[in-house]
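**Student:** Sending over a structure as structure tokens; questions will come in a sec.
The values are calculated or read from the model by the stated rules, or taken from the named source; none is laboratory data. Remember, it's a predicted structure, so these values are computed and weren't measured experimentally. Because the Cβ atoms are built from the backbone with ideal geometry, glycine has one as well, and the counts that use them run over all protein chains shown.
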Amino acid sequence: FFSAFSIPHYGRPVGPPVFMNGTPDPLKQRWGVTNPLSVAGPTDADLKLNALFVEELKAEHVYEDKEEAQHRERVLVELTELVQSWLLDVSQKKGFTEEMAIEAGGAMFPFGSYRLGVHGPDADIDAVLVVPRHLEREVFFYGSGPVKPFLDVLKAHAKVTDVQPVPDAYVPVIKFAFAGIQFDLLFARLAFSRIDPATFNTLEDKNLSGVDEQTQRSLNGTRVADKILKSVPNVENFRTVLRCIKLWAKERGVYGNVFGFPGGVAWALLVARVCQLYPHACPSTIVAKFFKFWAMWRWPNPVLLDTITDLKYGFKVWDSKTDLRDAKDIFPVITPCYPSMNSTYNISKATIVTLQEEWKRGQYLCETQILPGHKPWKDLWKHTDFFLRYTNYLQVSIAADNEPDFLRWQGFIESKLRQLVMRLEHVPALTISVYPKCFRNFVPAIPAEEGKPATPAQHWGYWFYGLAYKKEEGRATVNLAPYVDEWKELIHGIIYLPKFGTQPFPKTDAMHEPEVAPVKRKNLPRFVFTNEEWEQLHQKKAPAQKKAAVKRDASGTELPPTAPTPTVE
């Protein structure tokens, strides 16, 4: 029984046919939906530059070391054995003989950055447990009669901590840590009576026949990851480029689906598309082409790795020609397997502007500074100066009296921040920029003193937005209050006035109302700045220098010194 189970990540062939030296098959001239832009291979100079590129990338600690990799593999084996034991027990308690239970099988498939082979140190592992039809999702989360749920199996294990089931999520999941490694484990119940790990192919579309929406969504991650790996000319080159782009996107503040930027899947798709267009180029060349290509791309033309096909299994397929909602997508990056969907639905006009600026910056640095050898590669992913760039910011803050409530409150508010940005995009003369991170701060309890009551400990979370204004005749202030109030009403509506049939957010008294307020750069909290930025901010400047800096920081170009002041009343 146990030998029948394996972690399909190991040893599974991925990618196109390659020669022994790892280069793509030259007989294949087309990858994806168009012909390549260039089939040229690297020159000696390209290879030397690429060696420097890889060396600098490794210095950024984006690769885990051998010991970490071995620990991760051992943990996966242990988790797989735990899954195997539970599946066998559940099947037998449902009336199966041991032989029948073994025959029924089941398999755990990793996806996300681990499946793509681009995970770094301390990275989470996403996985989906694929089971035959006699095992219901309810058994996974809640159990049934004598059947113990897998949730309880995890809670009872000595190496498992921080178990958080989320059965009502859009994609139901159990979050937990196993021997220090964070996992998100999904559940997919197929219509088959048997799941053989040795032969099961996640990309076979028949797997989606007769399954519900939750299973389809749960299978989507591993299907997309496997399809990406099969869609690129050279898997190792793709992985190297993607590691670079993920590092760049995080350092430059353009990473995170919930904030309106591309997430991990979308960045992988954008990288894979450029790899298809330059199938024989080395990674450093592909990185330079990446910025040039997307800086020139005409949105909202969709990004595709493969043609879109509707297999008529009952799931919605992205189609901008027939679906009015799809036609409104402004930045469509489409997943490459059925059912195709837009991985960048959350992108807003504000975040598109930031992305285009960053792509142009990357193109400029690569073409005029890095490739000619004037600057090192690390300048490409130099940390953003977001908190020095503007004079005015908007601060959104929340607090909770305990950490569990804070984490749930943070997740809920964070999922609604995009709605705030979309409302502020309608403010006349305002340009808003998003910083995709929640800053956390813990304020310890203060005991009661004479004449002063005790203050409980609080967990705080902060989000920040850069605000740039254009001066308008007769306007001294810009009032953001109506837009902020409308957003707060949205929050209250979800919590207190849920629509029929929807699940309200379970807000507790320990969760305090969100606060929204404008703040000057000079009054931003210390924790948003690096040490270097903090020193730069507090350097004494000559009056002329200070005046020039204020103009540049407020808008990036030139801003009149009497720009409007934001107010939120």
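**Student:** Would the stretch 313-333 turn up any residue that is of a type in the set (K, R) and either on the phi > 0 side of the Ramachandran plot or crowded, with 20+ Cβ neighbours inside 10 Å (or both)?
**Tutor:** So far as the stretch 313-333 goes, no, none of its residues is of a type in the set (K, R) and either on the phi > 0 side of the Ramachandran plot or crowded, with 20+ Cβ neighbours inside 10 Å (or both).
**Student:** Here's another thing I want to ask about it. Mind checking which pairs have a first residue in the stretch 304-320 that is assigned by TED's automatic domain parsing to the domain that holds V265 and in contact (Cβ under 8 Å) with a residue 40 or more places away in the chain and a second that is assigned to a loop (DSSP other than H, G, I, E, B) and aromatic (F, W, Y), Cβ under 7 Å, 6 or more apart or different chains?
**Tutor:** Qualifying pairs under 7 Å: L311/Y338.
**Student:** Using the structure shown, decide if K520 is under 30 Å from the mean Cα position of the chain (by Cα), farther than 22 Å from R252 by Cβ, among the charged types (D, E, K, R) and at pLDDT below 90.
**Tutor:** Spelling it out, it is not the case that K520 is under 30 Å from the mean Cα position of the chain (by Cα), farther than 22 Å from R252 by Cβ, among the charged types (D, E, K, R) and at pLDDT below 90.
**Student:** List the helices (runs of 4 or more DSSP H) inside the stretch 258-376, counting only whole elements, that have at least 1 residues being at pLDDT 95 or above, among the polar types (S, T, N, Q) and under 20 Å from the mean Cα position of the chain (by Cα).
**Tutor:** Details: elements: 264-277, 283-296, 324-327, 349-365.
Output list reads 349-365.
**Student:** Then there's this: In the stretch 212-233, how many are acidic (D, E) and closer than 11 Å to A268 by Cβ?
**Tutor:** Taking the stretch 212-233 and keeping what is acidic (D, E), we get 212-213, 226.
Subset that is closer than 11 Å to A268 by Cβ: none.
Within the stretch 212-233, residues that are acidic (D, E) and closer than 11 Å to A268 by Cβ number 0.
**Student:** Okay, next question. For R440, only one of the following conditions fails: (1) charged (D, E, K, R); (2) closer than 20 Å to Q356 by Cα; (3) in contact with a Gly (Cβ under 7 Å, 6 or more places away or on another chain). What is its number?
**Tutor:** Against the list (1) charged (D, E, K, R); (2) closer than 20 Å to Q356 by Cα; (3) in contact with a Gly (Cβ under 7 Å, 6 or more places away or on another chain), R440 comes up short only on (2).
**Student:** Another question, then. Give me the pairs, please: first residue somewhere in the stretch 202-227 and more than 14 Å from K312 (Cα to Cα) and touching a residue at least 60 places away in the same chain (Cβ under 8 Å), second residue anywhere and assigned to a helix (DSSP H, G or I) and acidic (D, E), beta-carbon distance under 7 Å, and either six or more positions apart or on two chains.
**Tutor:** T202/D226; L203/D226
**Student:** Another question, then. Limited to the stretch 453-479, what total is found for residues that are among the basic types (K, R) and either at pLDDT 90 or above or not assigned by TED's automatic domain parsing to the domain that holds V528 (or both)? Let's see the steps before the verdict.
**Tutor:** Our first condition is that a residue be among the basic types (K, R); within the stretch 453-479, this holds for 470-471, 475.
From the residues that got through so far, the ones that are either at pLDDT 90 or above or not assigned by TED's automatic domain parsing to the domain that holds V528 (or both) too are none.
Summing the residues that are among the basic types (K, R) and either at pLDDT 90 or above or not assigned by TED's automatic domain parsing to the domain that holds V528 (or both) in the stretch 453-479 gives 0.
**Student:** Kindly provide the set of residues from the stretch 49-74 that are assigned to a helix (DSSP H, G or I) and surrounded by 14 or more Cβ atoms within 10 Å (Cβ to Cβ), ordered by number. I'd like the intermediate steps shown before the answer.
**Tutor:** So the first thing to find is which residues in the stretch 49-74 are assigned to a helix (DSSP H, G or I), and the list is 49-59, 66-74.
Selection gives L49, N50, L52, F53, V54, E56, L57, E68, H71, R72.
**Student:** Answer yes or no: is there a residue in the stretch 427-438 that is in the same structural domain as P482 (by TED's automatic domain parsing), without any contact (Cβ under 8 Å) to a residue 40 or more places away in the chain and out of contact with any Leu (no Cβ under 8 Å at 6 or more places or on another chain). If you could, list the steps in order and put the result at the bottom.
**Tutor:** Just the residues of the stretch 427-438 that are in the same structural domain as P482 (by TED's automatic domain parsing), to begin with: 427-438.
If we keep only those that are without any contact (Cβ under 8 Å) to a residue 40 or more places away in the chain too, we end up with 438.
From what's left, out of contact with any Leu (no Cβ under 8 Å at 6 or more places or on another chain): 438.
Scanning the stretch 427-438, I find at least one residue that is in the same structural domain as P482 (by TED's automatic domain parsing), without any contact (Cβ under 8 Å) to a residue 40 or more places away in the chain and out of contact with any Leu (no Cβ under 8 Å at 6 or more places or on another chain), so the answer is yes.
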